[in-house]
Every structure is written in C-alpha cells, then in structure tokens.
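Visitor: Handing you this structure, nothing more for now.
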Amino acid sequence: MLTGNNNEERIWNHLIGWIQNSYGAAALMGHLFAESGLNPKNLQNSFEKKLGLTDEAYTAAVDSGSYGNFVRDSAGYGLVQWTYWSRKENLLAFARAAGKSIGDLEMQLDFLCKELSTGYKSVLAALKTATSVRAASDVVLLKYECPTNQSEAVKEKRAGYGQAYYEKYAASEPGKGGKTMTEAEVRQKALSFMQRWVGLKRSDRSHAPII
C-alpha cells in the first residue's frame, strides 16, 4: 500500500523503501518526473493530438478494451513513458493480472520494480549502490530510459531533477515522506559542503564562510 499525501510523496516512499539508497531513489524519481511529470496516466503529448484522446480518455479506453492498439501504437505512456511494444505488452498483462487500471500508480510502480529486477539488473544494482545522484541518473538515462537525446545537457538536466528530490526528501525525518540519511550519505554531504571552501583565503578575508 502506498503512503503519502500526493503522488510525489507516494512515489518517493515506494522507491526509497525498495531501493534503500537515497541517491538511487532520487535519481530514478528525477527521470520519472522528466518523462511523465509523475503522472501515471500521462499519454505522450504528440499522441494526444494524433489519437484525439486526453490522458484520462486514453486510459479509460484501454481499460475498457474499446481501444485495442495500446501495445502497438508506439505512444509513450505512464510514469516511465513505456513505448516499445514488448514493454507495453508486459505492462498491460501485469495490470490485467492485478485487476488494476493501466493508469494505476501502485501497479505501475510494482511493474517498474519487476522490470528493473528482471530485465535491467545492472541498473538496479547501480541504484542500490550509488554514491551520488549524478552517477545513478546517468545509468538510468543510458541503460534504462535510453532517450534519443543523451547529450551532456540532458544528463545535467535530469540529474538536476534528481538532486532536487534528494535535497527535499533524503534528510527529512521518518514519517514525513523521506528517511534519515545513512552515515555514508552524511559524510558525502559534509564533503560536498566543504568543497565549496577550496580556494578561499585569509589574506583577502574570503575565508569568512569557513569561520
């Protein structure tokens, strides 16, 4: 059962509980935001016009069976924007087996976990052992999401989304949407903070922040 006051909190709580690494959870969440805005019913924008369907209408049509081309229409859908036919076929089968809507948040998160655990084991391992958001984010981009544009600018942008979630949730108190940082994460945050002091001098009083 998902916990949280909104989709953002529910997704974070689910991912951190499963991945058990704040860097990895935040990085993956950053990619989900980039792909779908954390909306499990999100239909690729270009297909809304092409099919003449909104997110809600497309979801309802797939659920009812009145739209039968979900698997082969090449439209990105859901949190991950699943697009390739075999992945959409697996998602649809998973939803039906669970008796859930194709746009159900918890079902999609469970499917995401299954997909990573079975077909993308190296990505999951990287998420569980990451020592920075950027490192984890790059792995998700290059080995899981695999968008057409994999430029440095895209890497930085997506890692930035993940870093924002890390800053928001990783150090929060238990029960408030996040988890207390591990000892390794505390050390990394302290190191990152102190790296800002490199180059400061007493002679020109730029060392004031250190004091």
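The values are calculated or read from the model by the stated rules, or taken from the named source; none is laboratory data. Note that the structure is a prediction, hence the values are computed from the model and not measured. Note: ideal-geometry Cβ built from the backbone for every residue, glycine included; neighbour counts use all protein chains shown. Surface accessibility is based on the protein's heavy atoms, side chains included, excluding ligands, DNA and RNA. Shrake-Rupley method; radii C 1.70, N 1.55, O 1.52, S 1.80 Å.
Visitor: In the stretch 56-179, carbon and sulfur make up what percent of the accessible area (probe 1.4 Å)?
Guide: Carbon-and-sulfur percentage of accessible area, whole number: 53.
Visitor: Given H placed on each backbone N at 1.01 Å, which residues far from Trp82 in sequence or on other chains put an amide H within less than 5 Å of it?
Guide: Tyr77
Visitor: So, one more: For the stretch 80-174, with every protein chain kept in place, what is the accessible area per residue (1.4 Å probe, Å²)?
Guide: Result: 48 Å² per residue.
Visitor: Let me ask something else about it. Whose amide H sits under 5 Å from the amide H of Leu38, counting only residues 5 or more places off or on another chain, with H placed in the peptide plane?
Guide: Result for Leu38 returns Phe33.
Visitor: Ranked from highest to lowest mean number of other Cβ atoms within 10 Å per residue, what is the order of the peptides 61-71, 33-43, 96-106, 14-24?
Guide: Ranked by mean Cβ neighbours within 10 Å, highest first: 14-24, 33-43, 96-106, 61-71.
Visitor: Can you run the Rg to Rh ratio on the stretch 1-133? Use alpha carbon positions and the Kirkwood inverse-distance Rh. List each step's numbers first, then the result.
Guide: On the way: Rg = 14.7 Å, Rh = 15.2 Å.
My calculation of the ratio gives 0.97.
Visitor: If you don't mind, another one. Among the listed pairs Lys49/Lys143; Lys114/Lys143; Lys121/Lys155, which have their C-alpha atoms separated by more than 25 angstrom in this model?
Guide: Pairs exceeding the cut-off: Lys49/Lys143.
Visitor: First measure r as the distance between the Cβ atoms of Ser151 and Asn6, then evaluate 1/(1 + (r/R0)^6) with R0 = 25 Å and state the FRET efficiency to the nearest 0.05.
Guide: 0.20
Visitor: ³J(HN,Hα) across the stretch 48-54 via Karplus (A = 6.51, B = -1.76, C = 1.60, θ = phi - 60°), whole Hz, x for Gly/Pro?
Guide: Result, ordered by residue: 4, 6, 4, 8, x, 10, 7 Hz.
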